[in-house]
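The values are calculated or read from the model by the stated rules, or taken from the named source; none is laboratory data. It should be emphasised that the depicted structure is a prediction, and the values quoted were computed from it without experimental measurement. Note: ideal-geometry Cβ built from the backbone for every residue, glycine included; neighbour counts use all protein chains shown. What goes into the accessible areas is simple: the full protein's heavy atoms, side chains included, and nothing from ligands, DNA or RNA. Shrake-Rupley method; radii C 1.70, N 1.55, O 1.52, S 1.80 Å.
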Amino acid sequence: MNDSKWTWRFVCLISIAATLIFIVGFGYAVKDIVYPQGDAPLTALPQKTGAPDEEVTGILKVVAIGDSLAKGTGDNTGSGFVKRAVEGMSEGDQEVNLLGNLGINGLTTLGLQNELNEEGVKYTLRQANTILVSIGGNDLFRGAGIVQSNSNTSSPTSDEPSAPTDELTSKELLAALPEASKRLEEALLKIAEINPEAKIYFLGLYNPFGDIPELRVPGNQAVTVWNNAAMDIINTHSNMTLVPTFDLFHNHLEKYLSTDHFHPNGDGYQRIADRIIQAVH
């Protein structure tokens with residue numbers, strides 16, 4: 001009889017202990033559901049998935065190549081349209097890096113073709129995703145004898161206009177365009193071949209002599225033909241864009257040209273830079 005009494009007491013104690021263990025376990029389970037905990041505290045977890053800097057920020061890596069306009073000749077600050085455009089595109093959250101300015105005073109389409117064969121130039125272009133190109137003014141105006149170029153290509157006044165001695169016709173200005181436009185196409189295709197992923201922005205020409213009676217009509221006609229030829233090339237390539245400049249200077253030459261009457265001044269370069277910023281964005 002006593003043995004049976006102690007047996008029941010032992011069973012009761014086991015039941016109570018099991019019940020307590022169940023209650024404690026259930027409590028921990030509820031806590032994990034309501035207040036889940038991982039391997040690290042929530043404050044240490046990343047707020048968003050990481051990604052390469054270029055994908056997140058869309059960094060623009062800019063290289064300029066071409067003639068004295070790319071170099072910035074005529075701008076007293078030395079900025080030209082290149083630095084001004086980079087500064088403008090850098091506003092806000094956009095990060096822009098200028099990798100290099102390869103502009104050379106007096107450069108023609110033939111000179112650009114030769115430059116694109118240089119390994120250092122090709123290396124620089126391959127690092128960019130935004131390439132600014134200015135070329136053609138020397139082919140057009142220097143070829144017709146309007147602009148003279150001395151041998152000092154680093155001088156800011158290496159391109160200087162000379163007054164026409166005879167009445168100039170559009171035929172004389174247009175004479176150099178077929179070969180020059182062919183070289184332009186080859187140069188643009190070469191740039192695209194060197195860096196197939198980059199966006200190429202080509203500056204159209206303006207007529208810096210539109211206020212000179214002898215040069216107004218032939219100059220406007222020649223510049224129009226050149227810009228149209230460039231547009232025909234660019235229209236067939238999705239990574240190329242023409243940035244027009246003719247309207248920026250037409251009837252405003254006294255405000256936007258430097259004293260050499262050929263290159264833009266600071267305000268003129270700013271107008272070009274603003275147009276580039278619009279094209280890029």
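Taking only protein heavy atoms and a 1.4 Å probe, what accessible area per residue, in Å², does region 214-281 have with all protein chains in place? Write down the numbers at each step before the final one.
On the way: 3190 Å² over 68 residues.
Per residue, region 214-281 has 47 Å² of solvent-accessible surface.
In the neighborhood of Q113, defined by Cβ-to-Cβ distances under 12 Å, what is the net charge if each Lys or Arg adds +1 and each Asp or Glu adds -1?
On the way: positive: K182, R183, K190; negative: E115, E118, D139, E179, E185, E186.
Neighbour charge sum, excluding Q113 itself: -3.
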Inset, instruction - Starting from the amide H of H263, placed 1.01 Å from N in the peptide plane, find each other amide H under 5 Å away whose residue is 5 or more places distant or on another chain. - result: S258
Legend entry - Simple label model, 7 Å out from Cα along Cβ direction - N251 to T236, nm: 3.6
Legend entry - Pairs from K190/K255; K199/K255; K71/K190; K182/K255; K83/K182 whose Cα-Cα separation, in the structure shown, is over 24 Å: K190/K255; K199/K255; K182/K255; K83/K182
Inset, instruction - Determine ³J(HN,Hα), in whole Hz, for all residues of region 128-136 in sequence, where each value follows from phi through the Karplus function 6.51 cos²θ - 1.76 cosθ + 1.60 and θ = phi - 60°; x replaces Gly and Pro. - result: 8, 10, 9, 10, 9, 10, 10, 7, x
Legend entry - Residues whose placed amide H lies under 5 Å from that of E95, excluding near-sequence neighbours: L60
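Starting from 0.36 nm per residue, how many nanometres of slack lie between D274 and T77 once their C-alpha separation is accounted for? Each step should come with its number before you reach the end.
Numbers: separation 197, 0.36 × 197 = 70.92 nm, distance 1.68 nm.
Contour length minus the Cα-Cα distance gives 69.2 nm.
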